[in-house]
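A.B. asks: This is the structure I want to talk about, given as structure tokens.
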Amino acid sequence: MIIEPGQQVCRQCGRCCERWGWGQEGIVEDLLPWLEQDRTDILQHVAISLSDGSRISGRDLLTEELARIVRISYWQDTSGRMTRKCPFFGRDTGGLSLCTIHDVRPRVCREFTPWNWQNTEFYGNCPACRDKSP
Ligand code: SF4
Ligand code: SF4
């Protein structure tokens, strides 16, 4: 990877996933690869609200119901209770954080680059952000 001057890279401390890896909203495009690849291991942790007011597990979602989705929420346990911890968060033997679904993680996670934010609440908490501060 080529690092441009001033560019920051994630240090894999995991603080953001631990702090904000739950209670996030998804988009329908997140679901498509999981459905195509039959990733019930992921879909079972997704809460989906449909336009008729029902709430189902992503595991039970049918392709023809995609147009009826009004909200996608991350994450829930297998019995449908919302969790306070992302089920896909882990650490390697060296203690660095890792996402066990990195290649197919949802957009909210893919686009998470806090060092580019003006968000002062987060700014002081991300080591990569801190390094960028004067
Ligand atoms: S808090 Fe910052 S450095 Fe730590 S894992 Fe998140 S983005 Fe990376
Ligand atoms: S899916 Fe991956 S990147 Fe997103 S909160 Fe969970 S561990 Fe972090």
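A.B. asks: Out of every Cα pair in the chain, what percent are spaced more than 20 Å from each other?
C.D. replies: Working: 4529 of 8911 pairs.
Of the Cα pairs, 51 percent sit more than 20 Å apart.
A.B. asks: Along the charge dipole of the chain, which of Ile69, Leu32, Gln12 sits closest to the positive end, that is, farthest toward it, with unit charges on the beta carbon of Lys, Arg, Asp and Glu (+1, +1, -1, -1)?
C.D. replies: Gln12
A.B. asks: Hey, how many Å between the Cα centroid of region 51-88 and the Cα centroid of region 12-42?
C.D. replies: 11
A.B. asks: Next question, about the same structure. Out of Trp22, Ile101, Gln44, whose Cα points farthest toward the positive end of the dipole of the chain (charges: +1 Lys, Arg; -1 Asp, Glu; placed on Cβ)?
C.D. replies: So the residue furthest toward the plus end is Trp22.
A.B. asks: Relative contact order for region 15-132: what is it in percent, counting Cα pairs under 8 Å that are at least 6 residues apart? Display every interim value, and only then the final one.
C.D. replies: Values: 158 pairs, mean separation 30.7, N = 118.
This gives 26 percent for region 15-132.
A.B. asks: How large is ³J(HN,Hα), in whole Hz, for each residue of region 63-68 in order, when computed from phi with the Karplus curve 6.51 cos²θ - 1.76 cosθ + 1.60 and θ = phi - 60°, using x for Gly and Pro?
C.D. replies: 4, 5, 8, 4, 6, 9
A.B. asks: Evaluate the charge dipole of the chain about its Cα centre and quote only its size in Debye, nearest 20, assuming +1 on the Cβ of each Lys and Arg and -1 on the Cβ of each Asp and Glu. Kindly include the intermediate steps, with their values, before the conclusion.
C.D. replies: On the way: 17 positive and 18 negative charges, 123 e Å.
For this selection, approximately 580 debye.
Only the coordinates and a few stated rules stand behind these numbers; no lab work does. Just so we're clear, the structure is a prediction, and the values are computed from it rather than from any experiment. Ideal geometry is used to build each Cβ from the backbone, glycine not excepted, and the neighbour counts take in all protein chains shown.
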